[in-house]
Amino acid sequence: MLGSEYTGQNCSIARALEFVGERWTILVLRDVFLGRRRFEELQRSLGVARNVLAARLDRLVAEGILEKVPYQERPLRHEYRLTSKGLDLWPVIVELLRWGDRHAAPAAGPPIVLRHEGCGGELGEHHICTRCGELLEVGDVRAEAGPGAGARVRAGSKSKSKSKSKSKSRSGSKSRSESEPGSRREAGADPRLRRSARASRPARPATA
């Protein structure tokens, strides 16, 4: 079996791959960014063996990319949330998605489309909204089934929408950050990170 270390490679790419380059790891992170934070949700989405998924999650927690947060006490159950270190991988995930859309997408088109929560425009080059021109962060976008999505993705998207609307009707006072898929909480991130992330947000580029 191939190891996960690149001994003798004095290179930041090699070091990064030691964290996220194992098989399934980047897809685990993709799903956490999409709001699948619990073990059963991840296993159902990925179809990976449970022991493999557990090993990948344990490694991501050990490296400080994810953190385990209790969501139920009896019995004790945890979900996985992105840390600030994990959130820094969002541009990497987005660019992998965009590269795949350009060079490996189905003939029908991209399976997943990222849209600006604010106006519905697509996430474009340099993370700029194609409709309003706003510079977008992870908490500003939602994922939806694209033209190349398979039946499984579309069914999951519809199911998520139905459960979301039921949840909203049961708790009308629930805040946007708790309920919508574009929010940091839905993206799997600790909501406490929002303030520091916004504070470090780069200035919006000037337009002609």
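The values are calculated or read from the model by the stated rules, or taken from the named source; none is laboratory data. What you are looking at is a predicted structure, and each value in this text was computed from that prediction instead of being measured. A quick note on method: Cβ atoms are made from the backbone with ideal geometry, for glycine too, and the neighbour counts reach across all protein chains shown.
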Check: Could you list, in sequence order, the residues of the stretch 134-148 that are assigned to a loop (DSSP other than H, G, I, E, B) and either surrounded by 14 or more Cβ atoms within 10 Å (Cβ to Cβ) or under 14 Å from the mean Cα position of the chain (by Cα) (or both)?
Finding: E134, L136, E137, G146, G148
Note to self: Being assigned to a loop (DSSP other than H, G, I, E, B), surrounded by 15 or more Cβ atoms within 10 Å (Cβ to Cβ) and out of contact with any Gly (no Cβ under 7 Å at 6 or more places or on another chain) is the filter here; which residues of the stretch 102-132 pass it?
What the structure shows: G121, G124
Next item on the list: May I ask you to verify whether R98 is among the charged types (D, E, K, R) and either more than 16 Å from the chain's Cα centre (by Cα) or closer than 27 Å to L136 by Cα (or both)?
Entry: yes
Notebook entry, point to check: Which one is surrounded by the fewest Cβ atoms within 10 Å (Cβ to Cβ) among residues in the stretch 1-44 that are modelled with pLDDT of 95 or more and in contact with a Lys or Arg (Cβ under 7 Å, 6 or more places away or on another chain)?
Noted result: W24
